[in-house]
Amino acid sequence: MSSQTPISAQQLHDVAAAAMVHAYAPYSDFRVGAALVATDGTVFSGCNVENSSYPVGTCAERGALAAAVVAGHRSFTQLAIVTDAEEPTSPCGMCRQALVEFAPNLQVTSYTTSGAEACWSLADLLPHPFTPQSLHLT
Ligand code: THU
């Protein structure tokens with residue numbers, strides 16, 4: 001989804017909520033939807049996709065990131081997450097690391113389907129990250 005005007009928080013929430021509907025989570029029964037905004041305003045969504053070989057499963061956030069990267073986007077501003085957990089859930093550690101590669105200044109908003117909401121910066125969620133620059137230290 002691409003827009004000329006910046007997407008509203010409500011619209012971004014709605015994209016993540018729509019993605020959550022497609023989550024494939026028969027093992028955890030924990031459905032996650034994510035919506036990631038590229039710097040040009042294009043929005044990419046993802047859901048968690050589990051597998052009978054449990055470690056093969058992927059998180060919603062990395063699903064959205066992969067969809068964005070394959071479409072040619074490498075810079076992002078906002079991420080929305082929706083779950084039906086009791087409290088808003090933050091991205092797992094692996095997703096934080098995946099996201100910081102492309103979006104060190106990402107703003108993350110997490111919603112529950114019952115209406116709770118929490119916001120964080122990725123910099124706060126993953127302090128002192130390992131980044132592409134880390135590989136170039138002398
Ligand atoms: N999950 C996500 O999709 N995103 C996260 O940040 C945390 C966890 C998924 C993975 C698995 O399918 C289920 O939630 C339970 O861990």
Of the accessible area of the chain, with the probe set at 1.4 angstrom, what percent is carbon plus sulfur? 56
Out of the DSSP beta bridges found with both residues in the chain, what percent are antiparallel (nearest 5)? 70
Which residues' amide hydrogens lie under 5 Å from the amide hydrogen of ASP84, considering only partners 5 or more residues apart or on another chain, with H built in the peptide plane? ARG31, THR113
Cleavage-rule hits, GluC sites (Glu not before Pro), the range 44-122, DSSP coil, Cβ neighbours within 10 Å at most 13: GLU86
Could you compute the longest span of the chain free of chymotrypsin sites (Phe, Trp or Tyr not before Pro) located in DSSP loops and having at most 11 other Cβ atoms within 10 Å, not counting the site residues? 28-129
Taking a probe of 1.4 angstrom, what is the accessible area of ASP84 in Å², to the nearest 10? 70
Only helices counted: for the chain, with every DSSP H run of 4 or more residues adding -39500 (n - 2.57) and the sum spread over all residues, [θ] at 222 nm is -7000 deg cm²/dmol
Accessible surface, the range 43-138, averaged per residue in Å² (probe 1.4 Å): 55
Heavy-atom accessible area with a 1.4 angstrom probe orders LEU135, LEU126, LEU36, most exposed first, as LEU135, LEU126, LEU36
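The values are calculated or read from the model by the stated rules, or taken from the named source; none is laboratory data. These figures come from a predicted structure and were not determined experimentally. Backbone-built Cβ (ideal geometry, glycine too); neighbour counts: all protein chains shown. Keep in mind that these areas ignore ligands, DNA and RNA; they rest on the heavy atoms of the full protein, side chains included. Shrake-Rupley method; radii C 1.70, N 1.55, O 1.52, S 1.80 Å.
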